[in-house]
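Read through the structure below, which is laid out as structure tokens, and then see the notes.
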Amino acid sequence: MPLWKPKSIPGGRKPWNSINFVCAHDGFTLADLVTYNNKHNLANGEDNKDGENHNNSWNCGEEGEFASIFVKKLRKRQMRNFFLCLMVSQGVPMIYMGDEYGHTKGGNNNTYCHDNYINYFRWDKKDESSSDFLRFCGLMTKFRHECESLGLDGFPTAERLQWHGHTPRTPDWSEASRFVAFTLVDKVKGEVYIAFNASHLPVTITLPERPGYRWQPLVDTGKPAPFDFLTDDVPERETAAKQYSHFLDANQYPMLSYSSIILLLSSADDA
């Protein structure tokens with residue numbers, strides 16, 4: 001008998017009936033989604049009249065690939081946010097080819113007519129030493145496979161899932177809210193805390209109390225690679241983790257603007 005009774009919904013649909021995606025073949029690639037506010041389809045020969053005008057994109061402050069260092073860092077953070085969100089969602093994730101290394105089509109969102117590098121998978125870009133996003137995507141995909149709670153046969157109930165706001169069990173569902181967090185009980189990982197801060201302001205959050213345990217950072221999209229995903233082989237991993245130890249000792253965690261995190265529980269004796 002299962003430990004948690006799967007939740008059913010009208011029609012009998014399961015989580016895996018949903019195909020989740022951020023980008024598809026029509027529209028911007030993931031890299032272009034955070035680089036362009038407007039389509040740039042002149043190369044299609046239709047005077048930029050073809051393609052969708054409503055792209056739900058944000059260039060992070062400057063249009064195009066030539067941007068300031070600050071904007072480029074924010075774009076990378078946003079890409080990590082999107083991919084993390086996709087990987088922790090119930091259902092079947094769909095990844096658009098090339099998004100895992102940051103493929104760009106130069107803002108062209110309707111490339112049906114191009115049999116060239118615009119649509120080709122760029123192996124040279126994938127193999128670039130600077131493709132830290134590829135590392136992040138691989139680790140997030142592996143994490144999803146390892147988590148029993150991220151591939152459920154039924155929708156999670158309150159026995160397994162808890163929603164949080166800046167403080168535990170106080171989610172803010174108002175339209176003005178730019179923050180949401182949740183915990184998932186996982187048979188493999190124990191318990192997972194996941195939070196998204198979509199605000200332009202940083203925030204210090206209070207974590208759920210778990211007597212005898214301590215929350216430890218695993219993923220923080222606000223940090224540069226390789227500290228965005230703290231694997232055991234990351235150089236100076238312990239030093240990086242200890243930077244926030246005084247927050248974690250107080251059961252808190254500071255989040256940058258436009259960032260998301262994943263925390264795992266560990267025994268307080270191991271901290």
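The values are calculated or read from the model by the stated rules, or taken from the named source; none is laboratory data. Just so it is clear, the model here is predicted, and its values are computed rather than measured. We place every Cβ from the backbone using ideal geometry, glycine too, and count neighbours over all the protein chains shown. What goes into the accessible areas is simple: the full protein's heavy atoms, side chains included, and nothing from ligands, DNA or RNA. Shrake-Rupley method; radii C 1.70, N 1.55, O 1.52, S 1.80 Å.
Scanning segment 94-112 for residues that are within 15 Å of Asp50 (Cβ to Cβ) and either of a type in the set (D, E, K, R) or open to solvent by 60 Å² or more (accessible area, probe 1.4 Å) (or both) yields a total of 2.
Looking across segment 240-271, the residues that are in a loop (DSSP other than H, G, I, E, B) and either farther than 19 Å from Leu184 by Cβ or hydrophobic (A, V, I, L, M, F, W, C) (or both) come down to Gln243, Tyr244, Ala250, Leu256, Ser257, Tyr258, Ala271.
Taking each residue of segment 76-95 that is more than 19 Å from Pro226 (Cβ to Cβ) and looking for partners that are open to solvent by 40 Å² or more (accessible area, probe 1.4 Å) and in a helix (DSSP H, G or I) with beta-carbon atoms closer than 7 Å, six or more apart or interchain, yields Gly91/Trp16; Val92/Trp16. Of the residues making up segment 235-244, those that are under 24 Å from Pro168 (Cβ atoms) and either modelled with pLDDT of 90 or more or of a type in the set (A, V, I, L, M, F, W, C) (or both) number 1.
No other residue among Asp172, Asp115 is acidic (Asp, Glu) and either assigned by the TED database to the domain that holds Ser57 or touching a Ser or Thr at 6+ places or on another chain (Cβ under 7 Å) (or both) apart from Asp115. Only residues that are without any contact (Cβ under 8 Å) to a residue 40 or more places away in the chain, assigned to a strand (DSSP E or B) and in contact with a Phe, Trp or Tyr (Cβ under 6 Å, 6 or more places away or on another chain) were counted across segment 162-209, and they come to 4.
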